[in-house]
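Below is one structure; the comments refer to it alone.
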Amino acid sequence: MVDQKTPAKGDTVAPTLGRRLSRRKPVEKLVAETESDSGLRRTMGFWQLSMIGIGATLGTGVFVVLGEAVPIAGPAVIVAFVLAGITALFSALAYAEMAGMIPASGSAYSYSYATMGEFMAWVCGWCLMLTYGVSIAAVGVGWGQYINELLHLTTGLVLPPALLAGPLEGGVVNVPAAVVILLSMFALLAGVRESTRVNAVMVAIKVLILVMFVAIAITAVQRGNFAPFMPMGMAGVSAAGATLFFSYIGFDSASTASEEAKNPQRDLPRAIMFSMILVTAIYCLVAFSAVGALNWNDFADGETTLAGILTMVTGTPIWAVVFAAGAVLALASVVLVVLYSQTRILYAMSRDGLIPKAFSKVDAKGTPRANTVITSVFIAALAAFIPLGPLADATAIGTLFAFALVNVAVLVLRRTRSDLERSFRMPGAPVTPVLGVLSCAYLMFSMSLSVWIAFGAWLVVGLIIYFGYSMRRSALEDEPEVDVRV
């Protein structure tokens, strides 16, 4: 339960370091903040929230990673997609319970603040900055490559190499990467209602393109292409599953829209689960059609693409153009939604005093304008000039760490606040959240040492900022100490 310790009148003794690190933000306070007039406008219903989750998830994975996973697992890549989906589902269920109970824009950051204290919340928020910021830049770079491919397929021309990479990679500036991020910025500045409409259109188009792929490729499915079904054994399926897991990252973006949802307690859990189920179904259908239409041995070196399969099936290269256009829309949708999510995480951290207040100031449209501009310009510069290298790979660890903390948050609140109303309850708890933590830990520790070094360096920078700036500027610094007793 919660005990308030009110200092005696005139007592100005600062809280100890231990108190600062472990101070928690009560669930009731978090909920009250979301219900107050924060300036954000509640315009999103179930479908808009679902489109955010699908838009952030359904991207590079299905267009690129499938070709890399088939040589590892063979036709059993279908099973690998299911296994990766189940692994992601544990965390999705945890997000659904927490989002329905604490509908705050801070998402995993806010859940950690309520359960594990300010220090762990800061670490979680810092990890999410890495995850969202660098992944936006990386997707922007990928978008530029697809734009170049589409230009070549339609006109025979290509962009100069100097405009496709930064100076440290032999170019001058990656113009397309910066352009797609800045275009997304302008969409967000137009307002939440307008940007969600743009996202919904892009999501609908890329879903239709994938459905079209399934409808055409399934006509060429041959039973012999599924034998042997598991040529590399279960080890190959597991390895492919680890690769494919990152195709599911993004469903958590819906939770960052909590304070702009009309009925977050009802709609957020439903939107998170719906987006996960739909994305998993699409992935499995695409995988079945792809390996059924083309023998798995022909997926050599991860170079076979969905467009290549359709060209083989139909005998015309027009599908390469269609899929290049689809990939452009798919990646643009990812940039838009993940950039939106990044600004809302920063909004919540700013409201708590951990980063400058400029990030939580909202204009008349309900848009954190300064937040959006500063974040977008910084990430656009990152994508345009800086090689991402191991830092891009480290985003996976940051994501998994945040997922693990959300599962822990479910366990903590189930024990300490069983009285809280839950619009969605994670089935199978406490077993399922424990499995969620373990699956995230397994994938984290399967990564290379260079990735861990990059992640460690990022954490060191975050610790310097927290102890040098954020800890003493926390909104809880001058409030009575709050103990949450387990």
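A compact table of results
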{"item": "Given (1) closer than 30 Å to Trp47 by Cα; (2) under 29 Å from the mean Cα position of the chain (by Cα), number of the condition Asn148 does not satisfy", "result": "(1)"}
{"item": "Selected residue (only one of Ala204, Ala257 is surrounded by fewer than 17 Cβ atoms within 10 Å (Cβ to Cβ), hydrophobic (A, V, I, L, M, F, W, C) and either in contact (Cβ under 8 Å) with a residue 60 or more places away in the chain or at negative phi (or both))", "result": "Ala204"}
{"item": "Unique match (being farther than 30 Å from Arg472 by Cβ, part of a loop (DSSP other than H, G, I, E, B), out of contact with any Ser or Thr (no Cβ under 8 Å at 6 or more places or on another chain) and of a type in the set (Ser, Thr, Tyr)) among Thr367, Thr316, Thr311", "result": "Thr316"}
{"item": "Single residue of Arg369, Arg344, Arg425 found to be within 24 Å of Ala104 (Cβ to Cβ), touching a Pro at 6+ places or on another chain (Cβ under 9 Å) and either at pLDDT 95 or above or not hydrophobic (A, V, I, L, M, F, W, C) (or both)", "result": "Arg344"}
{"item": "Flag for Thr243 being among the polar types (S, T, N, Q), in a helix (DSSP H, G or I), under 30 Å from Met98 (Cβ atoms) and in contact with an Asp or Glu (Cβ under 8 Å, 6 or more places away or on another chain)", "result": "yes"}
{"item": "Residue list for the range 370-425, restricted to those being farther than 26 Å from Ala114 by Cβ, among the small types (Gly, Ala, Ser) and part of a helix (DSSP H, G or I)", "result": "Ala370, Ser376, Ala380, Ala381, Ala383, Ala384, Ala392, Ala394"}
{"item": "Residue selected from the range 164-177 under the condition at pLDDT below 90 and in a helix (DSSP H, G or I), by the criterion surrounded by the most Cβ atoms within 10 Å (Cβ to Cβ)", "result": "Glu169"}
{"item": "Some residue of the range 426-446 being of a type outside the set (Asp, Glu), surrounded by 20 or more Cβ atoms within 10 Å (Cβ to Cβ), within 22 Å of the chain's Cα centre (by Cα) and part of a loop (DSSP other than H, G, I, E, B)", "result": "yes"}
{"item": "Within the range 288-318, tally of residues that are within 30 Å of Leu182 (Cα to Cα) and crowded, with 24+ Cβ neighbours inside 10 Å", "result": "1"}
{"item": "Output for the range 104-129, where each listed residue is touching a Ser or Thr at 6+ places or on another chain (Cβ under 7 Å), of a type outside the set (Asp, Glu) and crowded, with 24+ Cβ neighbours inside 10 Å", "result": "Ala104, Ser105, Ser107, Ala121, Trp122, Cys124"}
{"item": "Filter pass, Asp419 being free of Cβ contacts under 8 Å to residues at least 60 places away in the same chain and either among the charged types (D, E, K, R) or within 27 Å of Leu164 (Cβ to Cβ) (or both)", "result": "yes"}
{"item": "Check on Met471, modelled with pLDDT under 85 and within 29 Å of Val134 (Cβ to Cβ)", "result": "no"}
{"item": "The range 312-330 - residue that is farther than 17 Å from Leu66 by Cα and either polar (S, T, N, Q) or in contact with a Lys or Arg (Cβ under 6 Å, 6 or more places away or on another chain) (or both) and, of those, modelled with the lowest pLDDT", "result": "Thr316"}
{"item": "Meets criteria (of a type outside the set (A, V, I, L, M, F, W, C), touching a strand residue (DSSP E or B) at 6+ places or on another chain (Cβ under 8 Å) and under 26 Å from Pro103 (Cβ atoms)) for Thr416", "result": "yes"}
{"item": "Failed criterion for Leu183 (all others in (1) in contact with a helix residue (DSSP H, G or I) (Cβ under 8 Å, 6 or more places away or on another chain); (2) assigned to a helix (DSSP H, G or I); (3) at pLDDT below 90 hold)", "result": "(3)"}
{"item": "Unmet criterion (only one of (1) within 21 Å of Tyr132 (Cα to Cα); (2) modelled with pLDDT of 90 or more; (3) crowded, with 21+ Cβ neighbours inside 10 Å) for Ala217", "result": "(1)"}
{"item": "Failed item, numbered, when Asp393 is tested on (1) under 22 Å from Ala254 (Cα atoms); (2) surrounded by fewer than 24 Cβ atoms within 10 Å (Cβ to Cβ)", "result": "(1)"}
{"item": "In the range 360-390, residue surrounded by the fewest Cβ atoms within 10 Å (Cβ to Cβ) [restricted to those that are of a type outside the set (A, V, I, L, M) and farther than 17 Å from Phe186 by Cα]", "result": "Gly389"}
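The values are calculated or read from the model by the stated rules, or taken from the named source; none is laboratory data. Here the structure is a predicted model, which means the values were calculated and not measured. Positions of Cβ are backbone-derived with ideal geometry, glycine not excepted, and every protein chain shown enters the neighbour counts.
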